[in-house]
Amino acid sequence: MAHEWFFVQTGGLFSGFTRLSKGLAAVLVTGYVANAFFPNAISGTFSLIPGKFIPYVWNIITPGFLETSIFGLAVSIASLLVVGRHLEPFWGSREFFKFIVFVNVFACTNTFVLAIFLYFITRQGDYLYSPVSGFHGVLAGFLVVVKQINPEQEIPSLFKLRAKWSSSLFVAFAIISSLFSTKPIQYVPFIVYGAYGAWIYLRYFQRKLETGLKGDSSAEFAFATFFPAPMQPFIIPVSAICEKIFCRQRSLISEEAPGVELGKPLPGSDAVEASRRRERGARALEERLGSTAKPVTENQGPSKRDLGAIGSDDLV
């Protein structure tokens, strides 16, 4: 009985992972094993080394999928599988992959620019030739998703931490720990830019399946909400830069959907409301499919009574 209970429990714990998340986990494992046997070749070819960006231009993508420590590999795989199991069915595999690629490229690109800038300021060659890699930028992005979807979820801890503060604390911990590290460039920029890139994607670019609109303009997901209340008045003017950069995008969105008022939460931004809208849409679709299956005589259109049977609440 004990063995049967064990297999039931572990089967539930390690089942349900999506094909995409398992495939990406396999990529992480392959990169780690290859680097363990050929560290100079793998790290020198697939890590981000700003001074060797040319001809290794693919370094703008590959560093995020190369883990060089067993601890980082374990954390990355566990987080990827768990988040993928819950998030990929909600978003879809394509959107989940797009998010990972965007956050990874955003973190790698900005880390490259930062390293070049720091080199010109300090003239220290470490900024140009220290290899940078790791999945921690995407992990920081996952925490931003948690804040958006379920911000009030309580994370088990001694301090009863809420999910909306997890990404901010992760970034703060990385910055503080960098004060005691000799090479903070190897992990801090990925974490900071990973979290920031995730917010930019979710705030301005992610298309909502329920509404067809892009982004999440809710006040609860504003950039200032990632900071404690006393700091928010100083952060709001800085975050307004993004609004100016992407204001044209927002104006195009408002033209496509004039019924949506900017500054208010977009329809479908709340997970519960999105689920309800999908259920209403499914019921409406079933009714329409059922009605089209009935024989219809030539030149006979739908009656006014049939048209009135479909209420506005059924439309998504």
Task: Scope region 5-29; condition modelled with pLDDT of 90 or more and either closer than 20 Å to Val105 by Cβ or open to solvent by less than 30 Å² (accessible area, probe 1.4 Å) (or both); matching residues - done: Leu20, Ser21, Gly23, Leu24, Ala25, Val27, Leu28
Task: Conditions (1) at pLDDT 90 or above; (2) closer than 17 Å to Leu139 by Cα: number failed by Phe120 - done: (2)
Open item on the list: With the structure loaded, tell me whether Leu169 is modelled with pLDDT of 75 or more, touching a strand residue (DSSP E or B) at 6+ places or on another chain (Cβ under 9 Å), under 30 Å from Leu66 (Cβ atoms) and assigned to a helix (DSSP H, G or I) or whether it fails that test.
Closed with: yes
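Could you go through region 32-39 and let me know if any residue there is surrounded by 10 or more Cβ atoms within 10 Å (Cβ to Cβ), assigned to a loop (DSSP other than H, G, I, E, B) and at pLDDT 90 or above. So that I can check it myself, show each step before the final result.
Step one: filter region 32-39 for residues surrounded by 10 or more Cβ atoms within 10 Å (Cβ to Cβ), giving 32-36, 38-39.
Now restrict to residues that are assigned to a loop (DSSP other than H, G, I, E, B): 38.
From what is left, the residues that are at pLDDT 90 or above are 38.
The answer is yes; a qualifying residue exists.
The rows are residues; the columns are (1) under 24 Å from Phe53 (Cα atoms); (2) in a helix (DSSP H, G or I); (3) among the acidic types (Asp, Glu); (4) open to solvent by 10 Å² or more (accessible area, probe 1.4 Å).
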{"position": "Lys98", "(1), (2), (3), (4)": "yes, yes, no, yes"}
{"position": "Val101", "(1), (2), (3), (4)": "yes, yes, no, yes"}
{"position": "Gly137", "(1), (2), (3), (4)": "yes, yes, no, no"}
{"position": "Pro151", "(1), (2), (3), (4)": "no, no, no, yes"}
{"position": "Tyr193", "(1), (2), (3), (4)": "yes, yes, no, yes"}
- [ ] Mind listing just one residue for me: the one in region 107-122 that is out of contact with any strand residue (DSSP E or B) (no Cβ under 7 Å at 6 or more places or on another chain) and open to solvent by less than 40 Å² (accessible area, probe 1.4 Å) and, of those, nearest to Ser133 (Cα to Cα)?
- [x] Ala107
- [ ] Report yes if Leu143 is open to solvent by 40 Å² or more (accessible area, probe 1.4 Å), farther than 30 Å from Asn40 by Cα and at pLDDT 90 or above, otherwise no.
- [x] yes
Task: Yes/no for Pro233 being out of contact with any Pro (no Cβ under 7 Å at 6 or more places or on another chain), open to solvent by less than 70 Å² (accessible area, probe 1.4 Å) and either at pLDDT below 85 or of a type in the set (D, E, K, R) (or both) - done: no
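When you scan region 51-86, how many residues do you find that are open to solvent by less than 10 Å² (accessible area, probe 1.4 Å) and assigned to a helix (DSSP H, G or I)?
Looking only at that region, the number is 6.
The values are calculated or read from the model by the stated rules, or taken from the named source; none is laboratory data. Since we're looking at a predicted model, the values are computed, not measured. Note: ideal-geometry Cβ built from the backbone for every residue, glycine included; neighbour counts use all protein chains shown. Surface accessibility is based on the protein's heavy atoms, side chains included, excluding ligands, DNA and RNA. Shrake-Rupley method; radii C 1.70, N 1.55, O 1.52, S 1.80 Å.
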